[in-house]
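The values are calculated or read from the model by the stated rules, or taken from the named source; none is laboratory data. Please read these numbers as outputs of a predicted model, since none were measured by experiment. Here Cβ is always computed from backbone atoms with ideal geometry, including for glycine, and neighbour counts include all displayed protein chains. Please note that ligands, DNA and RNA were not included when accessible areas were found on the heavy atoms of the full protein model with its side chains. Shrake-Rupley method; radii C 1.70, N 1.55, O 1.52, S 1.80 Å.
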Amino acid sequence: MKMRILPAVILIVLVSRLGAADAPPDLSVGDPPYFKRYEGSRLFRFTEKKYDALVIPLGKAAERDAFEKSLEFEGEVQKRTYVISGKRSALEVFRNYRKELDAAGWETLWEGKGPNDLGYWFSSYWDDIGDGESFSQYFAYSPDAMYYWAGKLEKSDGVYHATLVVTEFQDGATKFAIEKGEAIVQVNTVRAGEMDKKMVVVKADQMENSIKSGGRVTLYGILFDFNKADVKPESAPTLAEIATLLKSEPELRLLVAGHTDNVGEFEFNRDLSARRAKAVVAELTGKYGISSKRLFPFGVSFAAPLTSNDSEEGRAKNRRVELVKM
């Protein structure tokens, strides 16, 4: 068998890249609310979005980026990566974190350790925090000493959900130089909040034009809480426009199709999307006097995405209600 020889240019690039790794910085960013940092920690990665979604794994990783059970929460999302000097074991660091979290009033939702509890793919999930450093592998190749916790905290300034990952670095390509055996920590938090109201309500005449030209209209103004099928009060302007359309077109019959993103199992989302579609019909018949014979609810799950589900922007676009002419 012939050995594959890398071109000299590639070898030089690889060597220079590895050799140029700097020590992790200590960013001048505060720690998460109600979440102390471990003594001797250096915060070297941080991202923040004023409104985004955060997946909270509550079960083993069945495959890459997919868990046997998880929840998704929307709000202010922050992600922090720490490295701890002094060769502290992951177990010691995790136990200290857990003691502080219990004292602060956090409710434990789920926790586990190592590949047996967490699954083969679990460790690779935590490397990409949305800072453009997607090639780094701080956690992916260090699963054996990994500890995980997920929790919830209700305070006067909001409801917080958080994940904590602690492991001992073993191997992997990284932007910053991490010594083998150093404890690294990933803390992700989300504080429930309201999204900026930038969605424009689709007027009845615009719905009519879209249905006439394309046979359907896509709506984002009908809102639901995560994993629930109750129509939120903020949906009233869009529902009123649908009612206006139907009253102006007495022969029009509509398929009310609920669509989800791909977070969660397909059958769960099909049931959820069907219940949401039925809830929309119930609102239109019960509050706006539309005949139930003109409306047909249907749950699509994530079978018909408008775009990729690989980003939160894409998933948000795929979560929608569509009105389709019958």
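Taking the conditions exactly as written (crowded, with 18+ Cβ neighbours inside 10 Å and part of a loop (DSSP other than H, G, I, E, B)), does Thr189 satisfy them or not? For Thr189, the condition - crowded, with 18+ Cβ neighbours inside 10 Å and part of a loop (DSSP other than H, G, I, E, B) - is not met. Screening region 222-326 for strands (runs of 3 or more DSSP E) wholly inside it with 1 or more residues that are farther than 30 Å from Lys60 by Cβ and among the charged types (D, E, K, R) returns the ranges 320-325. Of the candidates Glu283, Glu322, the single residue that is acidic (Asp, Glu) and open to solvent by 10 Å² or more (accessible area, probe 1.4 Å) is Glu283. Can you tell me which residue is nearest to Ser85 (Cα to Cα) among those in region 143-170 that are buried (at least 22 other Cβ atoms within 10 Å of the Cβ) and of a type in the set (S, T, N, Q)? Result: Thr167.
Val93 satisfies every condition listed in (1) open to solvent by less than 50 Å² (accessible area, probe 1.4 Å); (2) free of Cβ contacts under 8 Å to residues at least 24 places away in the same chain except (2). Of the residues making up region 286-319, those that are small (Gly, Ala, Ser), under 28 Å from Lys49 (Cα atoms) and surrounded by 15 or more Cβ atoms within 10 Å (Cβ to Cβ) number 3. Looking only at residues of region 48-59 that are modelled with pLDDT of 90 or more and crowded, with 18+ Cβ neighbours inside 10 Å, we find that the one that is farthest from the chain's Cα centre (by Cα) is Pro57. One residue alone among Ala236, Ala173, Ala183, Ala204 is closer than 26 Å to Ser41 by Cα and surrounded by fewer than 21 Cβ atoms within 10 Å (Cβ to Cβ), and that residue is Ala173.
Of all the listed residues (Phe67, Phe135), the sole one being farther than 25 Å from Pro33 by Cα and open to solvent by 50 Å² or more (accessible area, probe 1.4 Å) is Phe135. Pairs meeting the criteria (first residue in region 106-132 and surrounded by 16 or more Cβ atoms within 10 Å (Cβ to Cβ), second residue assigned to a loop (DSSP other than H, G, I, E, B) and aromatic (Phe, Trp, Tyr), beta carbons under 6 Å, at least 6 apart or on different chains) are Ser123/Phe139; Trp126/Phe139; Asp127/Tyr138; Asp127/Phe139. A single member of Arg270, Arg253 is surrounded by fewer than 18 Cβ atoms within 10 Å (Cβ to Cβ), in contact (Cβ under 8 Å) with a residue 12 or more places away in the chain and closer than 25 Å to Ala303 by Cα, and it is Arg253.
Lys180 satisfies every condition listed in (1) in contact (Cβ under 8 Å) with a residue 60 or more places away in the chain; (2) farther than 25 Å from Glu283 by Cα except (1).
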